[in-house]
Amino acid sequence: MTETVRIGSRGSALARWQTDHVSELLQAAHSGLNVKIEIFTTRGDEVLDKPLPMIGGKGLFTAELEAALREKRIDFAVHSLKDLPTENPEGLVVGGIPEREKVLDVLVSRDGYILETLPTNATIGTSSRRRAAQLKHFRPDLQMHDIRGNVGTRIDKAHDPAGPYDAIVLAYAGVLRLGLMQHVTEVLPLEIMLPAPGQGALGIQSRDESASLDILAPINDDHTRLSVTAERAFLAGLGGGCSIPVAAYAHVVDGQLVLRGRVSAVDGSQQIEVEKDITASDLSSAMALGRE
């Protein structure tokens, strides 16, 4: 007998890619599994004329999907993990985290600029306070200008000769997944731009029930889950959402879970960085590392 699962997704090209990718992973792991995809429009997709912190932050991209999960209209919801609040809503969990893509950020400039060659007082398009603060720390002269829309829309805005942007900043993972790497003028190093907690990883929400978790179990990647658990615990420990410039990157090296965290002043004038490693073992120790 064929089992059918329903996956909820936002409608952007990147969200669809991510959901299709999860669908393929699940079908490869479970013979005969039938997957149906349902598209949702979130408040974050509808309100494009204001910065995210002004209209409610990360939950803007998740509330509609979470309601559908609770009401059992869908079984799973696929998100960019960096968009998910660190606290699970009642009855829901992040049940699946596949292997993550590169965590880096990239620069896109219509005139081929890299960070060091941008003109004095150049205008950078980003709605991320994390990105803006780290860019200002590296180059205090840079001017930040909000930019919203999906990846393709933002690249189009970056290339507009009449537009205000000398360059914009995007996540490497999203640009790569959409086959748009030809537009990248520079991959920003971690020394300058540490990623958002969970960046490059997908988070699959489900109801907190064994049937759902069993379906997701085969597509979980242990190293990714340890890493993002530490990163998100670091963010949660600071009380952070998308309004605070918090960055973190964890990875497993030779059996050690290494976590690097960074907190910046909003204007980039100050930056605090911490790093610690522990023996990579279980999620509780990864969470303790982030909190510490």
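Which of rounded, prolate or oblate describes the range 193-240 when judged by the alpha-carbon gyration tensor and an a/c cut-off of 1.5?
Numbers: a/c = 2.72, a/b = 1.83, b/c = 1.49.
Judged from the Cα gyration tensor, the range 193-240 comes out prolate (a/c at least 1.5, a/b above b/c).
Taken about its Cα centre, the range 159-292 carries a charge dipole of roughly 160 debye when the Cβ of each Lys and Arg holds +1 and the Cβ of each Asp and Glu holds -1.
Sum -39500 (n - 2.57) across every DSSP H segment of at least 4 residues in the chain, then divide by the residue count to get the 222 nm mean residue ellipticity, nearest 500. When only DSSP H runs of four or more count, the value is -8500 deg cm²/dmol. Taking the square roots of 5 times each eigenvalue of the Cα gyration tensor of the range 135-287, largest first, gives ellipsoid semi-axes of 30, 21, 14 Å.
Order 4-16, 152-164 from most to least packed using the mean count of other Cβ atoms within 10 Å. Please list the in-between numbers first.
Details: 4-16: 18.9, 152-164: 14.5.
Top of the packing list down: 4-16, 152-164.
Each residue, Asn121 and Ser281, gets one label point 7 Å from its Cα in the Cβ direction; the gap between the two is 5.6 nm. Annotation: per residue accessible area for the chain equals 45 Å², rounded to a whole number [probe 1.4 Å, protein chains only]. Only Cα pairs under 8 Å and 6+ residues apart enter the sum, and on that basis the relative contact order of the chain stands at 22 percent.
Here the range 165-213 and the range 64-80 have alpha carbon centers that stand 21 Å from each other. Here the chain has 48 percent of its accessible surface on carbon and sulfur atoms, given a 1.4 Å probe and all protein chains in place. For a test of understanding, tell me how many lysine pairs in the chain have Cα atoms under 20 Å apart, given they are 8 or more places apart or on different chains. So the count of such lysine pairs works out to 6.
Does the range 210-277 come out rounded, prolate or oblate, given a ≥ b ≥ c as the square roots of the eigenvalues of its C-alpha gyration tensor, rounded meaning a/c under 1.5 and, failing that, prolate meaning a/b above b/c? Could you put the intermediate results ahead of the total?
Working: a/c = 3.80, a/b = 1.76, b/c = 2.16.
Verdict is oblate for the range 210-277.
Placing +1 on the Cβ of every Lys and Arg and -1 on the Cβ of every Asp and Glu, with no other charges, gives the chain a dipole of roughly 480 debye about its Cα centre.
Taking label points 7 Å from Cα along the Cα-to-Cβ direction, Glu191 and Glu292 give a separation of 2.8 nm.
In whole angstrom, the range 79-120 maps to an equivalent ellipsoid with semi-axes of 37, 12, 7, each derived as √(5λ) from the alpha carbon gyration tensor and ordered largest first.
You can think of it this way: the chain between Ile272 and Thr41 has 79.4 nm of extra reach, that is 0.36 nm per residue less the Cα-Cα gap.
Over the range 180-266, what is the mean sequence separation of C-alpha contacts under 8 Å (at least six apart), divided by residue count, expressed as relative contact order in percent? Walk me through the intermediate numbers first.
Values: 79 pairs, mean separation 25.5, N = 87.
So the answer I get is 29 percent.
Debye-formula intensities of the chain, expressed as log10 I(q)/I(0) at q = 0.10, 0.16 Å⁻¹, are -0.53, -1.34 (one equal scatterer per alpha-carbon, no solvent). With the cut-off at 1.5 for a/c, could you classify the range 131-177 from its C-alpha gyration tensor as rounded, prolate or oblate? Oblate, since a/c reaches 1.5 and b/c is not below a/b.
Using a cut-off of 10 Å between beta-carbons, work out the net charge of the residues near Val252 (Lys and Arg +1, Asp and Glu -1, Val252 not included). Intermediate results must be reported in sequence, preceding the final value.
Numbers: positive: none; negative: Asp222, Asp254, Asp277.
Residues close to Val252 contribute a combined charge of -3.
Projecting the Cα atoms of Val258, Gln199, Thr153 onto the dipole axis of the chain, where Lys and Arg carry +1 and Asp and Glu carry -1 at the beta carbon, places Thr153 farthest toward the positive end. Extension gain for Asp208-His145 works out to 18.7 nm (0.36 nm per residue, less the C-alpha to C-alpha distance).
The values are calculated or read from the model by the stated rules, or taken from the named source; none is laboratory data. For clarity, every value in this text was computed on a predicted model and none was experimentally measured. Cβ sites come from the backbone with ideal geometry, for glycine too, and all protein chains shown count toward neighbours. Note: accessible area is taken over every heavy atom of the protein model, side chains too, but ligands, DNA and RNA are not part of it. Shrake-Rupley method; radii C 1.70, N 1.55, O 1.52, S 1.80 Å.
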